[in-house]
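Rule-based calculations on the coordinates, nothing more; no lab input. The structure displayed is predicted, hence computed values, not measured ones. Virtual Cβ from ideal backbone geometry, glycine too; neighbours counted across all protein chains shown.
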2 protein chains.
Amino acid sequence: MNRVYNFSAGPSMLPLSVLEKAASELVCYGESGMSVMEMSHRSPDYEAIIADAEAMLRKLMEIPDNYKVLFLQGGASTQFAAVPLNLIKRTGKADYVVSGQFSGKAFKEAQKLGYDVKCIATSKEDNFTYVPVVTKDMIRPDAAYLHICFNNTIYGTKYPYIPETGEIPLVADLSSCIISEPIDVSKFGVIYAGAQKNMAPAGMTLVIVREDLLDYAEEKMPTMLEWKTMAENGSMYNTPPCYTIYMAKLVYEWILELGGLKVMQQMNQKKAALLYDYLDSQDYYKAPVQKESRSMMNVTFVTGDADLDKKFASEASKAGLKNLKGHRSVGGMRASIYNAMPYEGVEALVAFMKEFAKNNPKN
Amino acid sequence: MNRVYNFSAGPSMLPLSVLEKAASELVCYGESGMSVMEMSHRSPDYEAIIADAEAMLRKLMEIPDNYKVLFLQGGASTQFAAVPLNLIKRTGKADYVVSGQFSGKAFKEAQKLGYDVKCIATSKEDNFTYVPVVTKDMIRPDAAYLHICFNNTIYGTKYPYIPETGEIPLVADLSSCIISEPIDVSKFGVIYAGAQKNMAPAGMTLVIVREDLLDYAEEKMPTMLEWKTMAENGSMYNTPPCYTIYMAKLVYEWILELGGLKVMQQMNQKKAALLYDYLDSQDYYKAPVQKESRSMMNVTFVTGDADLDKKFASEASKAGLKNLKGHRSVGGMRASIYNAMPYEGVEALVAFMKEFAKNNPKN
């Protein structure tokens, strides 16, 4: 077994110990005589797994009791529709900040559904190299919610603060930074996140929703997108993505054993600092993101020469540093250094960057 | 390792060799240096997996070239909404046969969305103990489609024929009989199926749709439910449930190696015959389903005494025959004997039934 360092933006690395545990009990789970993949979702064995997953996540994130935790399907992209379908009836309109590709998609999806939505701030003109400032007075006072994407995977930016929205529920896509550090859940009305970056394999979507926001669903909407229906059925209105939830449970357990989200944050800060400090110490590579908007999870950089960028990603891959090519819409390089990326992986990357710069002088 | 015989209606048994293969390559897949769970869905390694999955399924089912194969999320329950949202605009109305709980849910979902839908036949009055006769003259001539559930998991019934619908597209939920036997795909407009009975762990939904039916989607519908969008993006409009699709690929491969769907059908017929022949040979247990409507996948039976039924399921479980309790809405017993249930499992069940009948005489 020759494991690589996988800098993919998602699906992405999972902790080796989690993978090894999953492999060891894949064919037969405990005393059940079957794989978790084969368990009825209504069986006591599986009900214990999903209950543990929720309990561990609640503990990790310190989720207040008046929030429901839902394990759904369809990815953040499905929530782009579910958010307005479940919430906009509160007042009939909603506001969005467009700070990158996914927040733009969320905004467009609400428009596609025919809703009165307004983009109150965007950094599009500056190629999303920062997160726009958001203050309460920018939000329409009768907005049903403000939608943001808290960490922008493609551009490598993140809100340096949680926007203050007063009584207006803040709805946030946390796909690429969920459980990477402690966060005050009570500041949000709704948090959602695809699993495939920091939590589990692809195929599960986490939704954390404040209970008082469950009563605004459209009547004529797909039942499967109704948060209230899912909450009332403990995420089991139909068969949930059982195995992916089990994998998430193993990941939550791994973080709890490490010491929780404060320890995770320290580990992530240390990794990000190693890479950003190197980027700031030289001028061969440039980090396009403004410092105060830097993501701790996705680090973007360029050489300034598209051919060199291409060579970098290709040679890095041969050296066992995989998926460093930037998103097809922006080019350059991107190192996604989620929870499961070991410090040694970032050390190896920085060493490779130094070597590459030395061997490939610019004209 | 002490594997049980798991008669669960879904999630359900997977072939042992598939589970063992998955376990063996869970941590590191081939030369990739990573788990399939960690692969970018845009990576060549993963693109080969999803392409293989589709190619194998096309070969297995002999899917004509003018049909698209989609690997989606959300289960059949999401398709209950997606079907009218994608198709009803063709004429503005649609017809349904209600032959059990899930076809009833599909019908209600279309009603909930505000559509003109008509139930043209049901066996509800007879507790769904048979599949109602469906002939072309019963369908409204201007129906956008006729929706059926081909195998009714809960009641243990199945259409003994594919209804003739002429030019009206036939839309069928095949969740609990997909790839259990050859079927003429060209007789259907749309086939859909949750994976967790005969194909893979829960978390993937197969949709097979005739290309000319991709052009009727509502404008104001969630993008993630649009078949056309998914078809145009090769099921990768967003991150698909990568690992579940990989598991489906392993299952397709397993069936191809066995000899394909004709061999699978023979194996399934032999298992079902063993159980039904025993049921027909005695009068301790009764099989409530009319003979011509019997499912090859889900076999229901009762003792006629609710306490005895309960004791049966409980003692069977202790004997390693799991999940034989009937669905909570109907009681009695149900043995789901999908592809992965070995013949020996059904033999063990029949032996247990005989022993139980002997040891528990009725008054």
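Before moving on, here are some points about what is shown:
- Measuring nothing but alpha carbons in region B:259-359 and taking Rh as the Kirkwood radius, the Rg to Rh ratio lands at 0.95.
- Take every Cα pair under 8 Å whose residues are at least 6 apart in sequence, average their separation, divide by the length of region A:78-193, and the relative contact order is 25 percent.
- Neighbourhood net charge (13 Å Cβ-Cβ; Lys/Arg +1, Asp/Glu -1) for residue B:137: 0
- Packing-based exposure ordering (other Cβ within 10 Å, fewest first) of B:349, B:26, B:19: B:26, B:19, B:349
- Unit charges on C-beta of K, R, D, E only; dipole of region A:51-107, Debye: 280 debye
- Positive end of the dipole of chain A (Cβ unit charges, origin at the Cα centre): among A:151, A:73, A:245, the Cα lying farthest that way belongs to A:151.
- Exposure proxy shown here: for A:343, A:338, the number of other Cβ atoms within 10 Å sets the order, fewest to most, as A:343, A:338.
- 10 Å Cβ neighbours from other chains, averaged over peptide B:103-111: 1
- Relative contact order (percent, whole number), region B:17-257, Cα cutoff 8 Å, 6+ residue spacing: 27 percent
- Peptide-level mean, for B:237-248, of C-beta atoms on other protein chains within 10 Å: 6
- Considering only A:22, A:106, A:46, and ranking their Cα positions along the charge dipole of chain A that arises from unit charges at the beta-carbon of Lys, Arg, Asp and Glu, the one farthest toward the positive end is A:106.
- Ranking of B:88, B:178, A:162 by count of other Cβ atoms within 10 Å, fewest first: A:162, B:88, B:178
- Comment: the Cα-to-Cβ extended label point of residue A:164, at 7 Å, lies 7.4 nm from its counterparts in the other copies, nearest first.
- Of all beta bridges that DSSP places with both ends in the protein assembly as shown, some 55 percent have antiparallel geometry.
- Extension gain for residue A:228-residue A:164 works out to 20.5 nm (0.36 nm per residue, less the C-alpha to C-alpha distance).
- In summary, the convex hull built on the alpha carbon positions of the protein assembly as shown has an orientation-averaged projected area of 31.0 nm².
- Across the identical copies, how the residue B:262 labels are spaced - nm, sorted shortest first, 7 Å along Cα→Cβ: 6.8
- In plain terms, if you count all Cα to Cα distances in region A:186-280 and split them into 5 Å steps from zero, the share in each step is 3, 11, 15, 17, 19, 14, 9, 6, 4, 2, 0 percent.
- Net charge dipole, the protein assembly as shown: roughly 100 debye, given to the nearest 20, about the Cα centre with Cβ charges of +1 for Lys and Arg and -1 for Asp and Glu.
- Taking the label point 7 Å along Cα→Cβ, residue A:219 and its counterparts in the other copies are spaced 2.3 nm apart, in ascending order.
- Cα-based Rg and Dmax for chain A, where Dmax is the largest Cα-Cα distance (Å): 20.8, 66
- Our estimate of slack between residue B:262 and residue B:343, defined as 0.36 nm per intervening residue step minus the Cα-Cα distance, is 27.5 nm.
- For residues of A:16-25, the mean tally of beta carbons on other chains within 10 Å: 3
- Local electrostatic count, residue B:22, Cβ distance below 13 Å [Lys/Arg +1, Asp/Glu -1]: -3
- Charge dipole (Cα centre; +1 on Lys/Arg Cβ, -1 on Asp/Glu Cβ; no other charges) of region B:259-359 amounts to roughly 300 debye.
- Among the GluC sites (Glu not before Pro) found in region B:54-120, those both in a DSSP coil and sparsely packed, with 16 or fewer other Cβ atoms within 10 Å of their Cβ, are B:62.
- For the residue pairs B:124/B:310; A:68/B:158; A:21/A:291; B:249/B:286; B:89/B:124, the alpha carbons lie more than 32 Å apart in A:68/B:158; A:21/A:291; B:249/B:286.
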